[in-house]
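S.K.: Below is one structure. I have some questions about it.
We did not get these values from a lab; they are worked out from the coordinates using the rules stated. Nothing here was measured: the structure is a model prediction, and the numbers come from that model. Every residue, glycine among them, receives a Cβ derived from its backbone with ideal geometry; neighbour counts consider all protein chains shown.
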Amino acid sequence: MGINQNQFIAQFPILKQQINKYPLVYFDNAATTQKPQMVIDRISNYYTNFNSNIHRGVHHLSQKATDAYEKARISVKDFIHATSSKEIIFTKGTTDSINLLAFSFGETFLKEGDEIIVSELEHHSNIVPWQMLCERKKAKLRVIPVNDEGDLLLNEYSKLLNERTRLVAVGHVSNALGTLNPVKKIIDLAHKNKSLVLIDGAQAIAHISVNVQDLDCDFYAFSSHKMYGPMGIGVLFGKKNLLEQLQPYQGGGEMIASVSFEKTTYNELPFKFEAGTPNVADVLGLEAAIEFIQKEGIENLAVLEEEVLNYATSEFQKIDRIQIIGKAKNKVGVLSFLIDGIHPYDVGTILDQMGIAVRTGNHCAEPIMKRMGIRGTIRASFSAYNTKEEIDRFVQAIHKTIEMFG
Ligand code: PLP
């Protein structure tokens, strides 16, 4: 059962505007997706009707807000098929989730000489926290290489795994090239080696039905703002028995059971990891985004996204001076490219003048740019509200850009 794309698009008020006298074409979805009206309304409803601090209050508003917040946690649990809502920790986003894990995992499990594996494809958010941890603990960061297409070299990965490997941290989908990584296989190999696995799901969560039990990942991180939800909120999923063992990340209110100057004891999961007043409004916005995706059907959205990516790829292959960067066997939502002789920044600026929003630069993934022998790319990243007509406009705009620069 498909969806009516016009009705889908109509739910995003921001898409109705013109930029530089052209109807907006928004191809920067890997950076952040736009928000449907029901997400905007949910946040506004909270502040209009029951804004209150949660968990501590006996009064009506506080109880209502607490119930709504904890119900949203259950929605997240169901969305990613976790076994318990205790496994769902609300964070500020993927970056925050990974920093939390790097700290808590490091304090609990990492010793001098241990190893952590990341890949060459990673976003800086899934490199730097591990690098900082390795420096702190005198541990070693190992890197899975990729081939020229942008696929991870699994043979090399197998060789990296050894008795000192404590954790493997890899992305589900690459934000720079769109590579869909074989995460199930990666997890399986890690577990056979008795290593734990974090999947950075920032670029997968809006496009792929994620089932953390089926994947059997130990940790999974994602951001709400990349799945039609608000900014400033995200999730760290962790298996309950592991989260129970981890040291807390931040100290403060909410995360404690009791405090005295002699001894402080910590709260139960998931509160042990949620110090301070949480971002209630955006948790409710995230829940609305989940309902939105479920209402439309994530498989239906994926069909539209794949059609647009395939169409764009085949049209771009026909343009002489275009070089597509990232030709992995399985890709999700991203077309990264260069135009021979024209700086990506100039391309981005000209496209913007024609109402087309793309991203240019290294996409917070300098190592993969270096691996590909380039400084950056022009990246178009798609969502289900993007159409083939928009791709036609995009292709025309690229031809115009080439003409202008000669
Ligand atoms: N990981 C990947 C693969 C990403 O694409 C991004 C953002 O682009 C992040 C992590 C960081 O996400 P956030 O900025 O929402 O914390």
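S.K.: Would you kindly derive the ³J(HN,Hα) couplings of region 300-309 from the backbone phi angles with the Karplus curve 6.51 cos²θ - 1.76 cosθ + 1.60 (θ = phi - 60°), listing them in order in whole Hz, with x for Gly and Pro?
M.R.: Residue by residue, region 300-309 yields 5, 5, 4, 4, 4, 5, 5, 4, 5, 4 Hz.
S.K.: Mind checking the dipole of the chain: about its Cα centre, +1 per Lys or Arg Cβ, -1 per Asp or Glu Cβ, Debye to the nearest 20?
M.R.: The calculated dipole for the chain is roughly 520 debye.
S.K.: Between the DSSP loop rule and a limit of at most 15 other Cβ atoms within 10 Å, which trypsin sites (Lys or Arg not before Pro) in region 125-187 are left? Don't jump to the answer; show the numbers that get you there.
M.R.: Numbers: sites: Arg136, Lys137, Lys138, Lys140, Arg142, Lys159, Arg164, Arg166, Lys184, Lys185; in loops: Lys138, Arg164.
Loop-located and lightly packed - Lys138, Arg164.
S.K.: Rounded to two decimal places and with Rh computed the Kirkwood way over Cα pairs, what is Rg over Rh for region 248-394?
M.R.: 1.17
S.K.: Also, I was wondering about something else. Between helix 344-353 and the chain, what is the angle of the helix's C-alpha long axis to the longest principal axis, kept within 0 to 90° and rounded to the nearest 10?
M.R.: The two axes meet at around 80 degrees.
S.K.: Which pairs in the list Lys77/Lys140; Lys327/Lys388; Lys138/Lys185; Lys240/Lys263 are over 31 Å apart, alpha-carbon to alpha-carbon?
M.R.: Listed pairs above 31 Å: Lys77/Lys140.
S.K.: Which of the GluC sites (Glu not before Pro) found in region 199-293 are loop residues per DSSP with 11 or fewer other Cβ atoms within 10 Å of their Cβ?
M.R.: In loop regions of region 199-293 (DSSP not H, G, I, E or B), the sparsely surrounded GluC sites (Glu not before Pro) are Glu262, Glu268.
S.K.: Determine, for Ser381, Ser44, Ser62, the number of other Cβ atoms within 10 Å of each Cβ, and report the residues in order from fewest to most.
M.R.: Ser44, Ser62, Ser381
S.K.: How do Glu390, Glu107 line up, fewest other C-beta atoms within 10 Å first?
M.R.: Arranged by neighbour count, lowest to highest, Glu390, Glu107 become Glu107, Glu390.
S.K.: Tell me the net charge near His207. Cut-off is 12 Å between Cβ atoms, His207 excluded, with +1 for each Lys or Arg and -1 for each Asp or Glu. Each step should come with its number before you reach the end.
M.R.: Values: positive: Lys226, Lys331; negative: Glu299, Glu305, Glu306.
Here the charged neighbours net out to -1.
S.K.: I would also like to ask the following. Tell me, rounded to the nearest percent, the portion of alpha carbon pairs in the chain spaced more than 35 Å apart.
M.R.: 30
S.K.: Which angle between 0 and 90 degrees, to the nearest 10, do you get for helix 94-109 versus the longest principal axis of the chain when only C-alpha atoms count?
M.R.: Once rounded, the angle reads 40 degrees.
S.K.: Would you mind checking the tilt of helix 388-405 against the longest principal axis of the Cα atoms of the chain, expressed as 0 to 90 degrees and rounded to 10?
M.R.: Once rounded, the angle reads 60 degrees.
S.K.: For the chain, what does the helix formula give at 222 nm: sum of -39500 (n - 2.57) over DSSP H segments with n ≥ 4, over the residue count, nearest 500 deg cm²/dmol? Please report the intermediate quantities before stating the final value.
M.R.: Working: 14 runs with 159 residues, N = 406.
The helix contribution divided over the chain gives -12000 deg cm²/dmol.
S.K.: Give the calculated FRET efficiency between His191 and Leu153 to the nearest 0.05, with a Förster radius of 25 Å applied to their Cβ-Cβ distance. Walk me through the numbers before you get to the answer.
M.R.: Details: r = 20 Å, r/R0 = 0.79.
Between His191 and Leu153 the formula returns 0.80.
S.K.: Oh, and also: Which distance in Å, rounded to a whole number, links the C-alpha centroids of region 295-326 and region 72-96?
M.R.: One Cα centre to the other: 30 Å.
S.K.: A further question follows. Taking the DSSP beta bridges in the chain as the whole, what percent of them are antiparallel, to the nearest 5?
M.R.: Numbers: 28 of 47 bridges.
DSSP beta bridges in the chain are roughly 60 percent antiparallel.
S.K.: Calculate the length of the line joining the C-alpha centroid of region 141-180 to that of region 208-245, in whole Å.
M.R.: The two parts, judged by their Cα centres, are 20 Å apart.
S.K.: Next question, about the same structure. If you place +1 on the Cβ of every Lys and Arg and -1 on the Cβ of every Asp and Glu, how big does the dipole about the Cα centre of region 146-187 come out, in debye to the nearest 20?
M.R.: 300
S.K.: Something else: Treat the count of other C-beta atoms within 10 Å as a stand-in for reagent exposure and order Phe90, Phe12, Phe105 from fewest to most.
M.R.: Neighbour counts put them in this order, fewest first: Phe12, Phe90, Phe105.
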